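S.K.: Here you go, one structure.
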Amino acid sequence: MTELKPCPFCSGKAEITKDLYYGLHIVCKNCSIGTIAYPYENDDLFDDWNTRAETPEREALVELVDIVEEGYAFMQNRFDQEKQVKLVNAWMAAKEALGDE
C-alpha cells in the first residue's frame with residue numbers, strides 16, 4: 001500500500017475511509033479535508049492525495065535543499081562542527097517545510 005503524505009493544509013495524519021455508497025476517500029483526521037470518492041482502491045486515489053501543487057515558494061525550497069545537500073557533501077570536512085550543525089538544521093527545516101521525510 002502506498003504511504004500517505006500528511007495533510008497539505010494542516011500537516012495532520014491522513015486515513016483512508018470507506019463510504020457505503022460512494023467508495024473510498026482519503027481524509028485528514030485533524031481538519032477533515034479529503035479527496036473525492038473512488039469506487040475502488042487504485043493509484044489515482046493515492047496520487048490525488050499525495051500530489052502537491054508546485055509554487056514559487058516550493059520550487060525555491062526544493063532548490064535550496066538541493067544546494068545545501070550538495071554543499072554539505074562537498075564541505076562537510078571543511079567546516080567546524082558548529083557550522084555543520086547550523087547547515088544541517090537549515091537543511092532539516094527546509095525539508096520539513098517541503099513535507100518530505
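Every number here is computed from the coordinates shown, using simple stated rules; none is lab data. Keep in mind that this is a model prediction, so the values were computed, not measured. Positions of Cβ are generated from backbone atoms using ideal geometry, with glycine treated the same way; all protein chains shown enter the neighbour counts.
S.K.: Ignoring chymotrypsin sites (Phe, Trp or Tyr not before Pro) that are buried or in helix or strand per DSSP, and keeping those with at most 12 other beta carbon atoms within 10 Å, what is the longest stretch of the chain between them?
M.R.: After excluding every exposed loop site, the longest remaining stretch is 41-101.
S.K.: Among the lysines, which fall within straight-line cross-link reach of Lys86, defined as a Cα-Cα distance under 16 Å, with same-chain neighbours fewer than 8 residues apart omitted?
M.R.: Lys95
S.K.: When ranked by the protection proxy of mean other Cβ atoms within 10 Å per residue, highest first, what sequence do the peptides 28-38, 56-66 form?
M.R.: 28-38, 56-66
S.K.: Angle between the Cα long axis of helix 56-75 and the longest principal axis of the chain, 0 to 90 degrees, nearest 10?
M.R.: Around 40 degrees separate the two axes.
S.K.: Taking 7 Å along the Cα-to-C-beta vector as the label spot, tell me the Asn42-Lys86 distance in nanometres, rounded to one decimal.
M.R.: Here the answer is 5.2 nm between the modelled labels.
S.K.: Right, here's the next one. If I take R0 = 30 Å and measure r between the Cβ atoms of Leu98 and Tyr22 in this structure, what FRET efficiency does the formula 1/(1 + (r/R0)^6) give, to the nearest 0.05?
M.R.: Efficiency at R0 = 30 Å is approximately 0.40.
S.K.: Short version: ³J(HN,Hα) in whole Hz for each residue of the stretch 28-40, in order, from phi by Karplus 6.51 cos²θ - 1.76 cosθ + 1.60 (θ = phi - 60°), x for Gly and Pro, what are they?
M.R.: 6, 6, 8, 10, 6, 5, x, 8, 5, 7, 10, x, 7
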